[in-house]
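Please read the structure below before turning to the comments.
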């Protein structure tokens, strides 16, 4: 059961879908024409410097040759990795460059079934048509295994798509369009991100395609617990049911914003999953789900998945708390789906609750208190005991029972990880070979 937050606490929801029909716009505003750059030596030099700064941040250095020319009044910049068009180089920023490079790799999804309809976002994974999105986007929050999907490319091209597969534990799905020559997204190593790095989100919030917002990476290695109707029965996460918050020590209610048609009852999940995420203050809104979170080099660092809001109404809005599935996890899962395999997730073989429930010397440690050890599981084999408080997984500090489970799920089954734990007030480490979550 999802705990209802206090009135003054933020409510967190998936930024999933815009319920249909969406608000109609009678006429799109016409973009303002950028002033033409002055054709003189000085102006050309200033423009070149501005463009060089943008391209330098994208391609990793200013050594690459940068050529700016005017084609139809718009400066076209040629640099390593391709061509981008900027309307006004004098006002262009690093975010302008990221948007120009990455937007062709972001798509809008329209998903329909007998259960309802909705829209979300996706990221082109391969040039031959594989696209990454959220599982709750592609399956309408678990309502269908056979959706009708249409993909709209950034240039307005509309293509039919099929669902290749989905993973409810990572909330990642792959859909496929019959196309060649698409522009795949460049992928970054999500373990090489710093708090404070530039973060640019591109997607279709409120069904408004090609929307760009920006901010910074606010935090890394968060764990959020989500009620999910996509999870197969009997495969709840390792968070112990006796935990009054379902393992979620945060004061927010993480839940789906469902895609049903207007007037239908909202689906609620009976099981919960712990999802590892990175946090951003870039504006994330309903419809951003499945879209891209990018670094300053226009590389994917995460798949946008959730948001938190102070608004307790049915539809959340952005209050600077957005969350994304790390790119390393998204790619690992997507590659398995494309290969026709079931994605693998680690299993520690414990039930964990909030460390604050401990009553001995370990009560002053943040982490997850082991309430039960599964006989023959990975934890028992490694010597972990009931009463131990897990404080880190593979060197990543965990501040809640949810974070413990999320960091375990980040790893594939069979992975060797280092578990840091507190026993009788003393910190120790142990190597654990994870089991594999069966689903």
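Since every read-out is calculated from the coordinates, none of them should be taken as a lab result. All figures in this text were calculated on a predicted structure; none of them were measured in a lab. FYI the Cβ positions are ideal-geometry reconstructions off the backbone, even for glycines, and counts take in every protein chain you see.
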Rounded to a whole number, the Stokes-Einstein D of segment 131-191 in µm²/s (Kirkwood radius over Cα pairs; 20 °C; 1.002 mPa s) is 169
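When the Cα atoms of segment 91-189 are enclosed in a convex hull and the volume is divided per residue, what value in Å³ results?
On the way: hull volume 10.9 nm³, N = 99.
Taking the convex hull of the Cα positions in segment 91-189, it is 110 Å³ per residue.
List 426, 372, 381 from most exposed to least, where exposure is judged by having the fewest other Cβ atoms within 10 Å.
426, 381, 372
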With each pseudo-label sitting 7 Å past Cα toward Cβ, what's the residue 178-residue 93 distance in nm, one decimal? 4.3
Under a plain spin-label model, where a point goes 7 Å from the Cα along Cα-to-Cβ, how far apart in nm are residue 385 and residue 436? 3.2
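What translational D, rounded to a whole number of µm²/s, comes out for segment 346-436 from Stokes-Einstein when the hydrodynamic radius is the Kirkwood one over Cα pairs, at 20 °C and 1.002 mPa s?
On the way: Rh = 12.4 Å.
Estimated diffusion coefficient is 173 µm²/s.
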Intensity falloff of segment 285-439 expressed as log10 I(q)/I(0), Debye formula with alpha-carbon point scatterers, at q = 0.19, 0.21 Å⁻¹: -1.12, -1.20
Counting other C-beta atoms within 10 Å, which of 130, 421 has the fewest, and how do the rest follow? 130, 421
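Based on alpha-carbon positions alone, could you give the equivalent ellipsoid semi-axes of segment 320-390 from the gyration tensor, as √(5λ), descending, whole Å?
Working: eigenvalues 191, 74, 11 Å².
Those come to 31, 19, 8 Å.
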